[in-house]
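Trainee: Below is the structure I would like to discuss, written out as structure tokens.
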Amino acid sequence: MIDKINYTYSLEFTVRDYECDLQGIVNNACYFHYFEHARHQYFVKNGLDFALLHKQGIDPVLTRAELEYRYPLTSGNKFIVRLSVERKSRTRIVFHQDIIRMPDERPICKAMFEAVVLKQGKLLKNDVLMDSIPHNDTGKGEE
């Protein structure tokens with residue numbers, strides 16, 4: 001069972017044929033794309049534009065990724081990527097994400113992504129992102 005998380009966003013997908021490998025299941029690399037797209041859409045929904053941030057020299061960067069595959073998706077499966085965000089520290093942001101197959105709500109993949117924000121290549125406080133999005137504020141500690 002996927003842990004009980006207070007999700008702040010979800011996005012629906014359908015598996016496309018070309019995402020499947022010779023075994024007829026979604027290639028493991030595709031899950032990274034699903035999770036990334038959901039994170040980007042979450043930021044867009046909350047008014048953050050990555051292209052504009054980049055022009056200002058501000059870039060969110062993943063520093064850690066953990067995926068736990070539980071059951072494979074196959075072509076045509078409908079699924080939801082759910083997302084929750086927390087401030088781990090003054091500089092670190094954690095995204096908890098789950099893929100749930102629909103309509104049976106079977107847990108497919110559980111993930112955790114940790115990120116920092118850089119400005120001109122230097123570590124920045126995460127306020128530039130966190131002040132603009134709904135999140136679970138669990139820590140503002142020093143690093």
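Trainee: Under a plain spin-label model, where a point goes 7 Å from the Cα along Cα-to-Cβ, how far apart in nm are residue 61 and residue 125?
Mentor: 2.1
Trainee: At 0.36 nm per residue, minus the direct Cα-Cα distance, what do residue 41 and residue 112 gain on full extension? Give it in nm, one decimal, please.
Mentor: Answer, rounded to one decimal: 23.9 nm.
Trainee: Continuing with the same structure: Kirkwood hydrodynamic radius for the range 9-130: how many Å is it when counted over pairs of different Cα atoms? Before the final figure, lay out each step's value.
Mentor: Details: mean 1/r = 0.0653 Å⁻¹.
About 15.3 Å, per the Kirkwood formula over Cα pairs.
Trainee: I want to check the label-to-label distance for residue 74 and residue 29. Put each point 7 Å from Cα in the C-beta direction and report it in nm to one decimal.
Mentor: Rounded to a tenth, the inter-label distance reads 2.4 nm.
Trainee: So, one more: Could you order peptides 46-54, 19-27, 97-105 by the average number of other Cβ atoms within 10 Å of their residues, highest first?
Mentor: The densest-packed peptide leads the list: 97-105, 19-27, 46-54.
Trainee: Shifting gears a bit: Can you tell me the FRET efficiency between residue 5 and residue 52 if r is taken as the Cβ-Cβ distance and R0 is 25 Å, rounded to the nearest 0.05?
Mentor: My answer for the efficiency is 0.25.
Trainee: Using only alpha carbon pairs under 8 Å that are at least six residues apart, calculate the relative contact order of the chain and give it in whole percent.
Mentor: 29
Each value in this text was obtained by applying a stated rule to the coordinates, not by laboratory testing. For clarity, every value in this text was computed on a predicted model and none was experimentally measured. Methodologically, a virtual Cβ is constructed for each residue, glycine included, from the backbone with ideal geometry; neighbour enumeration extends over all protein chains shown.
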